[in-house]
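Reading through the structure tokens given below for one structure.
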Amino acid sequence: MKYLVASLFGLLLSASAAAQHVSLGITFQYHIVKQVSVDAVNLAPAGSYNYYKVFDNNWKFFTAGQSIVIGLVSQLDYKKVYFAFEPSFELNVYDYNLKYVISDTEEETVKFKTTLMQYNFPLYAGFQFKSSNVWRFSIFAGGELALPITIGTGIYLDSQDKSGNDRYNKYDMQNILYNTSPYANGLVGIAFHYASLFRVEVRYRHRLSYPGEQYHATFNTLGIGMTYFLPLNLLKNKIYHED
């Protein structure tokens, strides 16, 4: 996998020779709207006696977890088109609620919280429009390789009686909602650019593979981002023009 990342970076460097403008910067992103969805009615984790009911597949604001991304940006401009590579680090937290049947008349909500620290390597292309001498908009799309490096899990109950913790194993969702394998995301977004100083964006991201084979769990996020470009002037051509 590291050879793939190195190859993508080398390809980007070679392409910079033909670019109008090369920009280097720092990006900060915050993904606050999330959806975790499992395509099943019930979950029976491997190696566990527990049996959970699925009910929590909706989009959520904050309560499904947040992601914070900090990284570097290398952007190549070719008139209206640009290509960008963003090696970054992400703290990715997501929560997922399941129902556990205690008796014929009682059930309990169990929240599984997963925390991933991961390296991301997005590569995408953008098209710029509505330009003035200072500002412009763009749409962009591409893919992202994610490499999880650390996983933390926890269980939280909706009842005040915490004795129920003994019923559950915090690893019940392993290979259902998470694992340590690399995976790919697809991404699209829209951005506002101000000169060669910064870019503000809204980005949608969709996971392209499932953590496990038995159950199909999909992940979607929507976030905002700010990219600051360094005043290096690596190439002196205009960033964008109409002709």
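Restricted to the range 102-152, and to residues there that are of a type in the set (S, T, N, Q) and assigned to a strand (DSSP E or B), the residue that is nearest to D172 (Cα to Cα) is T114. The residue list T227, T180, T218 contains one member that is in a strand (DSSP E or B), farther than 19 Å from V73 by Cβ and of a type outside the set (A, V, I, L, M, F, W, C), which is T218.
Scanning the range 184-197 for residues that are assigned to a strand (DSSP E or B) and either at positive phi or surrounded by 14 or more Cβ atoms within 10 Å (Cβ to Cβ) (or both) gives N185, G186, L187, V188, G189, I190, A191, F192, H193. Whenever a residue of the range 62-89 is in a loop (DSSP other than H, G, I, E, B), its partners that are of a type in the set (G, A, S), lying with C-beta atoms within less than 7 angstrom and at least six residues away or across chains, give the pairs E86/G71; P87/G71. Taking the condition of a type in the set (A, V, I, L, M, F, W, C) and either closer than 21 Å to G186 by Cα or outside any strand (DSSP E or B) (or both), does I155 pass? Taking the combined requirement at face value, the residue does not satisfy it.
Candidates are the residues of the range 33-69 that are touching a Phe, Trp or Tyr at 6+ places or on another chain (Cβ under 9 Å) and among the hydroxyl-bearing types (S, T, Y); the one that is modelled with the lowest pLDDT is S48. For the range 3-15, indicate whether the set of residues that are among the small types (G, A, S), surrounded by 15 or more Cβ atoms within 10 Å (Cβ to Cβ) and either outside any helix (DSSP H, G or I) or at pLDDT below 85 (or both) is non-empty. No, the range 3-15 has no match at all. The residue of the range 108-143 that is nearest to V41 (Cα to Cα), among those that are exposed (fewer than 13 other Cβ atoms within 10 Å of the Cβ) and of a type outside the set (A, V, I, L, M, F, W, C), is K130.
The values are calculated or read from the model by the stated rules, or taken from the named source; none is laboratory data. Since this is a predicted model, take the numbers as computed values, not measurements. Glycine also receives a Cβ, built like all others from the backbone with ideal geometry; neighbour counts cover every protein chain displayed.
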